[in-house]
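Here is the structure we will look at.
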Amino acid sequence: MSRHFASFLVVFTRLVFAPLISTAGAVVLIIGSTQAHEPPERILLKEQSTEDLICGLDSAPSPLWLSLDDPTPYYEEVLKELIARGGSRVEQALRAKLRTSAEVPQLARKQLQAMKSDDEGRRKQAAIVHNLEHNLERLTALRRVQHRADPLQIIVTIPPTVKAGTRCLPILEVALKNQDVEKIPVWIKHTNGCARWAIHVWDDDGKMLPIRHGAALNLGTTWFGPLEFGDTSETKLSMSDYVDIQVPGEYKVQVLYHDQIDIGQVEDVLLLERLIVLKSEPFVVRVEHGPKITIELQPVSMQQARDLIRKLDGNQKLRMVVGKYTDNFHKFLDPKSAQGELLTMSWQAVPAMLESLEDEKRSFRERAWLLALLYSITEERGFDPRMVVGILPNYEYQEVAGSGWQGSFEQSSFDQKRVDSQREFSRRWLRFRDDYIIIKSPSGAN
């Protein structure tokens, strides 16, 4: 994602959406800046007095979406500016706001309970209660002003028996643990999902690896409530959902969390600088090459698959199955068609399909069928052709048979760039074959 690309992220909206207002009543208009490495909002916030920032804090909005082009200073940006200033006045103000958030919700909740279900103000009152109860950002800001540890700590566990490979990165067991120095309960969105988590990885040269594009990070089951002192909120994160590591070696890894925003797909780390993000202690993961895939190829499979590939109808609209090709998919993709028979052959068809990708004379639509079928059979991470714009013609897909998880994609333009992209994607498959696939006969001979 480019620096100026807006990453639209669903978040809980705060009660007030007004811009930051000073005690003099003047609206702070945020304009662009010529300085290269600091968002313009922070620069203008520095021009405000500490009293103005404190008075305007509660009216600063949380972002509905994150963008460096958004001119409005977010609630957490104001908190971060107050953290940067520090001092007894800031500490006093944050303590006062925490006391308010601890006392007022009881009255607000009573008012909510007294409202009828069809009361027009009930939804707004529910939002008020939610905002007043949520204390994570304010408490974290207070602890940072005090130079104390964050109230919530990220605890990361890697099972000792797990081996990390370029094709199979480890699953991390992570937990948010309340270790607040004053044992204050912290209200959070408890979840077993992974969208509000992020995993950042750096190589030996200190270069951060790109965030994996297009990963399906689920929200999981979520409920809002207090995390008492000493308690934990736990989930599991697959590193492969966040990053691709193609070169063996040692990598520095850090786990991040934000309670309101789905940060797992935020590719521009400058955007995260606008938020109060919790971070684990960095740790090292050693990644080895592999694991490799062994295909015990039956004597007739290569020729059988080649014959079916010749029967592929490039003029037929592409239908892509995601997942194991069972009977439930047969209405979507005829098992008697060449495509259906190749899917039924499963891994026995893979060597011939990879061989066919070497044919430079193969048409765009025929090659698209091969790429779709290869992913359907292998489900190899990083090889979903839907994630690369333009390398497939118009297509339909079904992800889980009978579940309703299906869709289609239509494109009107066609140019040489799409052909080149598709061929490069095919070459990636051939490199993958050479690096990871071992083909053996049933007897075990190469």
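The values are calculated or read from the model by the stated rules, or taken from the named source; none is laboratory data. Note that the coordinates shown come from a computational prediction; the quantities given were computed from them, not determined experimentally. With ideal geometry, Cβ positions are generated from the backbone for all residues, glycine too; neighbour counts draw on all protein chains shown. The accessibility values were calculated without ligands, DNA or RNA, using every heavy atom of the protein model including side chains. Shrake-Rupley method; radii C 1.70, N 1.55, O 1.52, S 1.80 Å.
At a glance:
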read-out: Residues that are under 21 Å from Met387 (Cβ atoms), touching a strand residue (DSSP E or B) at 6+ places or on another chain (Cβ under 9 Å) and either modelled with pLDDT of 95 or more or among the polar types (S, T, N, Q) (or both), drawn from segment 210-243; value: Ser238, Ser240
read-out: Filter pass, Tyr251 being surrounded by 21 or more Cβ atoms within 10 Å (Cβ to Cβ) and in contact with a Gly (Cβ under 7 Å, 6 or more places away or on another chain); value: no
read-out: Cβ pairs under 6 Å, 6+ apart, first in segment 77-99 and farther than 15 Å from Asp52 by Cα and exposed (fewer than 14 other Cβ atoms within 10 Å of the Cβ), second of a type outside the set (A, V, I, L, M, F, W, C) and at pLDDT 95 or above; value: none
read-out: Single unsatisfied condition, Gln298 versus (1) among the polar types (S, T, N, Q); (2) over 30 Å from Lys189 (Cβ atoms); (3) not in a loop (DSSP other than H, G, I, E, B); value: (3)
read-out: Among residues of segment 353-387, those that are open to solvent by less than 50 Å² (accessible area, probe 1.4 Å), modelled with pLDDT of 95 or more and of a type in the set (D, E, K, R), counted; value: 1
read-out: Qualifying residue in segment 165-184 (condition: touching a residue at least 24 places away in the same chain (Cβ under 8 Å), in contact with a Phe, Trp or Tyr (Cβ under 6 Å, 6 or more places away or on another chain) and surrounded by fewer than 15 Cβ atoms within 10 Å (Cβ to Cβ)); value: yes
read-out: Qualifying residue in segment 158-167 (condition: out of contact with any Leu (no Cβ under 8 Å at 6 or more places or on another chain) and part of a strand (DSSP E or B)); value: yes
read-out: Candidates Leu333, Leu270, Leu256, filtered to the one that is part of a loop (DSSP other than H, G, I, E, B), open to solvent by less than 70 Å² (accessible area, probe 1.4 Å) and not β-branched (Val, Ile, Thr); value: Leu333
read-out: Single residue of Lys124, Lys116 found to be in a helix (DSSP H, G or I), open to solvent by 30 Å² or more (accessible area, probe 1.4 Å) and modelled with pLDDT under 85; value: Lys124
read-out: Hits in segment 388-405 - residues which are at pLDDT 65 or above and either assigned to a loop (DSSP other than H, G, I, E, B) or among the polar types (S, T, N, Q) (or both); value: Val388, Val389, Gly390, Ile391, Leu392, Pro393, Asn394, Gln398
